[in-house]
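What follows is a short report on a single structure.
The values are calculated or read from the model by the stated rules, or taken from the named source; none is laboratory data. What you see is a predicted model, and the numbers here were worked out from it, not measured in a lab. Don't worry about glycine lacking a Cβ; one is built from the backbone with ideal geometry, like all the others, and counts go over all protein chains shown.
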Amino acid sequence: MSIWKEENNTLSATFKFKDFVEAFAFMTEVAFHAEKQNHHPEWSNVWNTVNISLSTHDAGDIVTEKDHQLAKAISEVYAKYQ
């Protein structure tokens, strides 16, 4: 089952970690994937929780294949922390 939820023209998920350092390490690794794909998330971090929302701004703020590709990469990074 996917941790990603698609609604209101966004693909979003919440990720939990053991602490802030682990959450920040996750975000750092995701940043490299986002830069490589030239597709950047909207996200927030509070202590051990990272919230991520994806939509393609240049397609009119809708969910596109670019979002699904980045979500897949993010899920693969997150799997390393489980």
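Here are the numbers for this structure:
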| quantity | calculated |
| --- | --- |
| Identity of the residue in the stretch 29-50, assigned to a helix (DSSP H, G or I) and within 11 Å of the chain's Cα centre (by Cα), that ends up farthest from Ile62 (Cα to Cα) | Glu29 |
| Residues of the stretch 1-25 classified as over 22 Å from His39 (Cα atoms), surrounded by fewer than 18 Cβ atoms within 10 Å (Cβ to Cβ) and modelled with pLDDT of 95 or more, total | 6 |
| Pair list, Cβ under 8 Å, 6 or more apart: the stretch 1-24 residue in contact (Cβ under 8 Å) with a residue 12 or more places away in the chain, other residue of a type in the set (Gly, Ala, Ser) and part of a loop (DSSP other than H, G, I, E, B) | Asn9/Ser55; Thr10/Ser55; Leu11/Ser55 |
| Evaluation of Ser55 against (1) among the hydroxyl-bearing types (Ser, Thr, Tyr); (2) out of contact with any helix residue (DSSP H, G or I) (no Cβ under 7 Å at 6 or more places or on another chain); (3) surrounded by 13 or more Cβ atoms within 10 Å (Cβ to Cβ) (one fails), failing number | (2) |
| Residue within the stretch 65-74 that is assigned to a loop (DSSP other than H, G, I, E, B), more than 9 Å from the chain's Cα centre (by Cα) and touching a residue at least 12 places away in the same chain (Cβ under 8 Å) present | no |
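Here is a yes/no grid of residues against (1) more than 15 Å from Thr10 (Cβ to Cβ); (2) among the aromatic types (Phe, Trp, Tyr); (3) surrounded by fewer than 17 Cβ atoms within 10 Å (Cβ to Cβ):
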position	(1), (2), (3)
Met27	yes, no, no
Val30	yes, no, no
Gln37	yes, no, yes
Pro41	no, no, no
Asn45	yes, no, yes
Asn51	no, no, yes
Gly60	no, no, yes
Asp67	no, no, no
Ser75	yes, no, yes
